[in-house]
1. Report, by chain and number, residues whose modeled amide H sits under 5 Å from the one on B:Val31, excluding near sequence neighbours (fewer than 5 apart, same chain).
2. Given the options A:Gly41, A:Gly251, A:Gly297, state which has the largest fluctuation in a GNM of chain A using a 10 Å cut-off (strictly under) for Cα springs.
3. Given springs between every Cα pair under 10 Å in a Gaussian network model of chain B, which of B:Phe32, B:Phe180, B:Phe23 has the largest fluctuation?
4. Relative to the longest principal axis of the C-alpha atoms of chain B, give the angle of the C-alpha long axis of helix B:140-152, reported between 0 and 90° and rounded to the nearest 10°.
5. Quote the accessible area belonging to A:Met44 in square angstrom, nearest 10, computed with a 1.4 Å probe and with ligands, DNA and RNA left uncounted.
6. Report, in deg cm²/dmol and to the nearest 500, the calculated mean residue ellipticity at 222 nm for chain A, where each DSSP H run with n ≥ 4 adds -39500 (n - 2.57) and the sum is divided by the residue count.
7. Per residue of the stretch B:45-58, what does 6.51 cos²θ - 1.76 cosθ + 1.60 with θ = phi - 60° give for ³J(HN,Hα)? Whole Hz please, x for Gly and Pro, Karplus curve as stated.
8. I'd like the interface area for chains B and A: accessible area of each alone minus the complex, both sides summed, 1.4 Å probe, protein heavy atoms only. What is it in Å² to the nearest 100?
Amino acid sequence: MSRGRNNPMQRRPGFRPDIWLQRHLQVALASLGRLMNAPLGTLMTAAVIGIALALPIGLHVLLNNLQNVSGGWESGASISLFLQQEISDKQATALSKKLRLHQRIESIQVISKASAMAEFRRLSGFGDALKALDSNPLPALLVILPKREYSTPETAQLLVRELGLLPETDIVQLDLQWVRRLQAITEIAQRAVLVLATLLGLAVLLIIGNTIRLEIQNRHAEIEITKLIGATNGFIRRPFLYTGLWYGLFGGIIAWLLVAISILLISGPVAELAMLYQSAFDLSSLDITTTLLLLTGSAGLGLLGSWIAVGRHLSAIEPS
Amino acid sequence: MIHFDNVSKRYPGGHTGLAGVSFRIEPGEMVFLTGHSGAGKSTLLKLIGLLERSSGGQVHVNDRNLTRLKSSQIPYHRREVGMIFQDHRLLNDRTVFDNVALPLVVSGLGYKEISRRVHAALDKVGLLNKEKAAPITLSGGEQQRVGIARTVVSKPPLVLADEPTGNLDPKLSQEIMELFGWFNQVGVTLLIATHDLDLISRMDRRILTLHNGQLVQDTGKTE
């Protein structure tokens, strides 16, 4: 009785990577084939997973778009400086030359009383009525663009205060408040999407776990027989793990399709809306990174879900 | 090959499967295990295949102390102990070839080697022409031969059979026994549980008789 003989591990055939790979490929394809043999059932399970994943992913894409838009608004934060009514266009130009030297100001556009009037006439539709006015009631306006490093809401606010102290100033407007509010709301929405994604991810785990549990029950006899023949737990686990992986991947693909189609459907109206706002905004769909993340994430969820189910239910099956 | 030392097995609820059983089977022996149903034949076989563990005493198989074997080692132990059942235990959704190949797939052999060995095993049991058939389409005797091919394809040094001829007519039973005799000739140790006394008497081999979980008769090694 040598010690070595007491350890059957030592009599295992040597590890062969080619056979290992061949075996994995075979199991992966076999479990895929098994799923394809019941296409309707597979499709329904994958669709449930897909819908559960499409919801948070779709919301994520929409929020990203919203951020793209509002981000553009903020970085272009300009300050509207309305001058006193009695300040002439000439004085306004002089003031703009003075302010241009200010260290926080990038550029200044002077909108003279006359051009303000012209624009108003064009946009308001009061053309003829305005002609009746004997003097121009509109003030001159300086549109001031702060330097990039001073364009955050906080630093721009300082400039606004400073400009407000000028004697020529009537009103200074930094209309960023609503952008900031929108961003705060977006942030809350992002958190909500994260919570939703976590909950729905858990739901996906449960769906896959339950599907795999039923699969294990269906193949009870097969598992018993393979155990009798000397299959390790790893060997028995493998097809179920691949099944979970496939379910997750199919669910991810369905989620991708759902999101892509939804975005395609709303991109038309969005483009129209953007045109009304004279913006060239284009609704962006799922980019490569998000797509890859979605597919690997869903496949990973599938693997994890089946791993949990297999761990809980396989050990309960022992041959008798 | 098999060494039982005062082995007992009690089931929860107080039922006794085996009580103080001791015997030794040498490599290359072919031994029959008999006794009426409930005498402990299946329990004894299950202890050897580690389908169950003994409640007392020591079981050694192939110089390995089963009492101390870790659960993670059981699969590797079972690869060396072929088991044949009365109900064949075949996978009905796979072909005969795939059924017989299973132990080799489990052991991680390459496809070429598997194919070669499966064909050899099927040839031995006379079912080479049925390799693509589904087990369910075969007769009882043929299914049992598929089960035997699956057991011997991995060339285990020890084969256990639990009522292998239980559902077969005398002629088929005789064929199965001849097959076992041939395996024994090539060096396989066999332990066959059966209550078919008529069949055993014709074989002239060592017989262990169990009664109420105790070994009441051992005809000793023949030859």
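1. B:Leu190, B:Leu191, B:Ile192
2. A:Gly41
3. B:Phe23
4. Between the helix axis and the principal axis of chain B, the angle is about 80 degrees.
5. 120 Å²
6. Using -39500 (n - 2.57) per qualifying helix, the result is -24000 deg cm²/dmol.
7. With the stated coefficients, the stretch B:45-58 comes to 5, 5, 5, 6, x, 6, 6, 9, 10, 6, 8, x, x, 10 Hz.
8. 2600 Å²
The values are calculated or read from the model by the stated rules, or taken from the named source; none is laboratory data. As the structure is a computational prediction, the values presented were derived from the model and not from experiment. Cβ atoms come from the backbone with ideal geometry, glycine included; neighbour counts cover every protein chain shown. Heavy atoms of the whole protein, side chains included, go into the accessibility calculation; ligands, DNA and RNA do not. Shrake-Rupley method; radii C 1.70, N 1.55, O 1.52, S 1.80 Å.
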